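This report concerns only the one structure given below.
Please treat every number below as a calculation from the coordinates, not as lab data. All figures in this text were calculated on a predicted structure; none of them were measured in a lab. FYI the Cβ positions are ideal-geometry reconstructions off the backbone, even for glycines, and counts take in every protein chain you see.
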Amino acid sequence: MTTEIYFLDENNIDFNIVDRAAKVIRNKGTVIFPTETVYGLGASALSGEAAGKIFTAKGRPGDNPLIAHVSSMNMLLYLIGSPLSDSAVKLIDKYWPGPLTLIFKKSRKVPYELTAGLDTVAVRMPDNKIALELISRSELPIAAPSANISGKPSPTLPEHVIADMNGKVDMILCGSKSRVGVESTILDLTGDVPVVLRPGGVTLEELKNVLGSVKVDRGIVGGSETPKAPGMKYTHYAPDADMVIVKGELENIKKKIQELVGDSIEKGLKAGVLASDETVEYYRNCRVISLGSRTNSKTIASNIFEKLREFDSMGVDIIFAEAFDESHMGMAVMNRMNKAAGFNIIEV
Ligand code: AMP
Ligand code: MG
């Protein structure tokens, strides 16, 4: 299929192009668009046929439900099966538009393909003007998972999307680099206590401030339990290179990684190190990329997927990654890194 590709400026949007894209959505086609988390691969959330095209383009397993993106409260109310709880109202007030996906009981208008047969629906309002214009001009909620080939690092730049998806979708709207850089936090509001099903752009600390008590689904921490968000059980975010995470005191991490780099070179492998501003000068005989300063977990989050893809373009065989602190955005960063490494973690 031929993919139409357009470049848009979020602060000076060419609405003719957005209207063209909205028409594609209404005609049950696929449009990739920028959001503040990562780029999304969108299709009508109210058509099973349209949502099905997303699974085909990404090679996504059919039992992994999609998030519906809305631009108004009316669109949200159309999708959900019961009135908004007090917790939902508080969270929406504070974090929408923004990187927070809420899980509700679904209404009967939601097609089977969107929720993979679950009786709940995931909804969020993205904080990007191009995305919001596309949704409101389509007059439809838009189902949109990350616009990468299933299993690969999520796309945060136009070139990532074009590399993965050119020829597989009807249209790509390119904007700027995704500001948050990791996906939305998914919070299940259907039980007695809200449960984080995926850490993301809104932190656990922030949610506790608003709600008091919040649980974290044990399935996402890497144990043997099955995660409640079906997508969290799959291998994800993986670069082509093998990846190993080294965890512990920073001085020990540095020494261990340099030793592992030495071992790899002896085996004839090209090694890469995913480091931080504080450690980037330390490593020798390998490709080194910094994710940013350890004191700024937001910057680290905004760079993680981009830097994983950069190692692949350098042709590195094995990536050794420093572990980061898991507070604030660090929780989402380490969740993505652990999954990218297939939980291949060395503790020092
Ligand atoms: P993506 O948009 O690629 O980040 O994937 C969406 C994520 O949301 C996946 O991990 C899904 O399993 C999860 N998800 C979507 N709908 C639901 C739902 N109704 N209940 C639990 N998780 C969901
Ligand atoms: Mg994804």
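Counting only other residues whose beta carbon sits under 10 Å from that of Leu8, what net charge do I get with K and R as +1, D and E as -1?
On the way: positive: Lys129; negative: Asp9, Glu10, Asp14, Glu133.
Once positives and negatives cancel, what remains is -3.
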For the chain, the charge dipole (Cβ of Lys, Arg +1; Cβ of Asp, Glu -1; about the Cα centre) points to a positive end, and the Cα of Ile245, Ser297, Thr37 closest to that extreme belongs to Thr37
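When Lys and Arg each count +1 and Asp and Glu each count -1, what net charge do the other residues less than 11 Å away from Thr203, Cβ to Cβ, add up to? List each step's numbers first, then the result.
Working: positive: Lys208, Lys298; negative: Glu205, Glu206, Glu326.
Counting the neighbours of Thr203, the net charge comes to -1.
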Can you run the Rg to Rh ratio on segment 33-124? Use alpha carbon positions and the Kirkwood inverse-distance Rh.
0.95
Can you tell me the dipole magnitude for the chain around its Cα centre, using point charges on the Cβ only (Lys, Arg +1; Asp, Glu -1), in Debye to the nearest 20?
760 debye
Helix axis angle, 15-26 relative to the chain longest principal axis, alpha carbon, degrees:
80 degrees
Counting pairs on different chains as well as pairs 8 or more places apart, how many Lys pairs in segment 220-348 have Cα atoms under 20 Å apart?
17
Calculate, in nm to one decimal, what Phe7 and Ser293 gain on full extension: separation in residues at 0.36 nm each, minus their alpha carbon distance.
99.9 nm
What aspartates and glutamates sit close enough to Lys105 to cross-link, taking a C-alpha to C-alpha distance under 14 Å and skipping anything fewer than 8 places away on the same chain?
Asp119, Asp188, Asp192
Could you give the nm distance between label points at Asp263 and Tyr282, where each point is 7 Å from its Cα heading toward the beta carbon?
1.7 nm
In degrees, nearest 10, range 0 to 90: what is the angle between the Cα axis of helix 129-138 and the longest Cα principal axis of the chain?
30 degrees
Net charge of Cβ neighbours under 14 Å - reference Gly330; Lys, Arg +1; Asp, Glu -1:
-1
How far, in degrees from 0 to 90, does helix 86-95 lean away from the longest principal axis of the Cα atoms of the chain, to the nearest 10?
70 degrees
Along the Cα→Cβ direction, 7 angstrom out, place labels at Leu250 and Ser313. What is the inter-label distance in nm?
2.9 nm
Based on the mean of other beta carbon atoms within 10 Å per residue, what is the order of 121-131, 236-246, most packed first?
121-131, 236-246
Taking Cα pairs closer than 8 Å and at least 6 residues apart, the relative contact order of the chain in percent is 19 percent
Relative contact order %, segment 100-187, counting alpha carbon pairs below 8 Å whose residues are six or more apart
31 percent
Taking the C-alpha atoms of the chain, how large are the radius of gyration and the largest Cα-Cα span, Dmax, in Å?
20.0, 62
Can you list residues whose amide H is under 5 Å from Ser290's amide H, if they're 5+ apart or on another chain and H is modeled 1.01 Å from N?
Ala275
When the chain is treated as a GNM, springs tying every alpha-carbon pair under 10 Å, which of Ile92, Ile13, Ile304 comes out with the largest mean-square fluctuation?
Ile13
